[in-house]
Structures are given as structure tokens and as C-alpha cells.
Amino acid sequence: MERGKGLTFVGDSRIKKYDKPKLNRDYSEFPGRTEEFYPDFLLKEWITGAVFLIGFLCLTVAHPAPLERVADPTDTGYIPLPDWYFLFLYQILKYTYASGPFNVIGAVVIPGIAVGALLLAPWLDNNKERHWKKRPVAAATMLLACGLIFYTTWESVAYHDWETQDAQGQIVFSNLDTEDPVFDDLIRTNCTSCHGGELTGGSGPNLVTAELSEEAVNSFVTNGSGEMPAFEGQLTEDQIQAISEYVANLEEVPRDDAQNTGDEGE
């Protein structure tokens, strides 16, 4: 008999019946509720992006980046401050068990646990529900994390010494002569670690704008003052006198004069 002839096909009841999915209907069947991707939708996206870009450019022109003086690796008194979105990590490093000898906990362990929790989130909470009320563990963890980030960021901003922060980074033009042997032999070795590489302030005060006399500088260097140590016995009288004369002759130079001097030097 010819193959297949006279035979009837019987469906297998073990295969689950399913309806054939409906094909997407044309967008024209929904007037006012949908549109073509190109050019209608894409044009709106471009216009929106252009508006935000122009607004951002206007903001950068009106409020330029707050530039600071040139970085000085010898200035151990400079306190760096991260951008606002890292202030919560900066604040964590101030706490007792996340700073000093426990610095590795605040800098590596705590951020590592947070990042690891994010990577393992699909396995730690595999609940198929999408509503946050039906996912109490995930929702509570996220609210706790957001609360901690908000609190530490606020605490970092509220208790930071912003006046010192602004002052230590200010660009100050002065008649500082770094080619002077006194600067290389004495100032750089004994003063810049606290007063900054340009003597404009660090953990110690700004010597350029202080307008100190030779006698006052000599007294400070010899006997010390407050947190400043005494250099009597470490430096000779001639060395102390050389430092006193150098610092007493420092003065702040107006920006325009400093730039003109720089142009003439070039």
C-alpha cells in the first residue's frame, strides 16, 4: 500500500494546546495614541536631548568649574574632598572603626560588601513578584541603603569646615621666588609641609597674606606658637633670620599684575 494513503493522523493529547499569538496590528488603527518611530518619535527625542544639552551648556558657562591652585605633593596639610556623590564614603572614613588602623574596613570591606550584595541580588532574592510590598527583604534592604547614604552625605556636608576647604585651594598670586637658595635650602624643607608648597596655607596659615614682620617671623620660628613647633636648636640663628626675611618680604600680587609679569617673562 502506498505510504500514508488511507491513514488518519491522531493528535497527541500530551502536548499542551496553545493559541497562536496575535500579530501586532498596524499603528494606524490607533489614531492619536501611537506614531511612527521615524521621523515622528525620533524627532521628539532629538529635540528633548537638544534642549537639555543647551541648558547644561548654559549652566557650565554661568557656573564654571571651581579650579584650585596647582597640586602640591609636599603639602601634607591639604585636605582633599571628593565630589558630592562620594561624600557618604568620605564620611564613613571618619568613623572610629573605619579610619586609622581600621582604614581598610572603611575603604575596602564596607564598599566591597555593598558591591557584592548588588552583584548577588538576583540570587539573594529570587522572588518573582514585582511589587515592592510583596518583596519585603529587597525593599527593606534598598530603603536602608538609601537612608544610610542620605544620612552620611548630609552629615559630611553639615559638619565639614567649608571655609578652610575653600581657603586652602584658592589661587593666590604672590612674589614667591622658588629659585631663591633660601627657598630650596630652608623654606621647602621646613615650611611647605604645613604652609603649602606656595606658602598659601595648609594645616598652617597663609604666609603670603599674613603680612608678618621679620621680628614676628623670627619669634614664631624660634619659639613656636600653638601647633607650630619651635626650631631653636634645629636651625642656626642665621638660618632663622634668612627664613624671617624671606617670609616677611612675601606679599600678594594682584591677578592682573601677576599675569602681566608672567607674559613679560615668557
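The values are calculated or read from the model by the stated rules, or taken from the named source; none is laboratory data. Keep in mind that what you see is a predicted model, and the values were worked out from it rather than measured. As a convention, Cβ positions derive from the backbone with ideal geometry for all residues, glycine included, and neighbour counts pool all protein chains shown.
The table below gives the values:
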read-out	value
Failed condition for TYR85, given (1) outside any loop (DSSP other than H, G, I, E, B); (2) more than 18 Å from the chain's Cα centre (by Cα); (3) surrounded by fewer than 10 Cβ atoms within 10 Å (Cβ to Cβ)	(2)
Residue within region 20-28 that is farther than 30 Å from ARG188 by Cβ, part of a helix (DSSP H, G or I) and at pLDDT 80 or above present	no
Any pair with Cβ under 8 angstrom, 6 or more apart, that starts in region 180-197 at a residue that is farther than 18 Å from ALA71 by Cβ and ends at one that is of a type in the set (Ser, Thr, Tyr)	ASP180/TYR246; VAL182/TYR246; PHE183/TYR246; ASP184/THR178; LEU186/TYR246; ILE187/TYR246
Some residue of region 201-223 being on the phi > 0 side of the Ramachandran plot, in a loop (DSSP other than H, G, I, E, B) and touching a helix residue (DSSP H, G or I) at 6+ places or on another chain (Cβ under 6 Å)	yes
Residue, nearest to the chain's Cα centre (by Cα), within region 224-256, restricted to residues that are under 25 Å from GLU68 (Cβ atoms) and part of a helix (DSSP H, G or I)	ARG255
Residue check for VAL109: out of contact with any helix residue (DSSP H, G or I) (no Cβ under 9 Å at 6 or more places or on another chain), modelled with pLDDT of 85 or more and not assigned by TED's automatic domain parsing to the domain that holds SER203	no
Any hit, region 123-142, residues being closer than 27 Å to TYR95 by Cα, within 28 Å of the chain's Cα centre (by Cα) and in contact (Cβ under 8 Å) with a residue 40 or more places away in the chain	no
Those residues of region 224-239 which are in contact with a helix residue (DSSP H, G or I) (Cβ under 7 Å, 6 or more places away or on another chain) and closer than 23 Å to GLU163 by Cβ, in sequence order	MET228
Checklist (1) part of a loop (DSSP other than H, G, I, E, B); (2) farther than 30 Å from ASN190 by Cβ; (3) in contact with a helix residue (DSSP H, G or I) (Cβ under 7 Å, 6 or more places away or on another chain) applied to PRO66, failing item	(3)
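Residue-by-condition table, conditions (1) assigned by TED's automatic domain parsing to the domain that holds ASN249; (2) surrounded by fewer than 11 Cβ atoms within 10 Å (Cβ to Cβ):
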residue	(1), (2)
HIS131	no, yes
PRO136	no, no
THR152	no, no
GLY169	yes, no
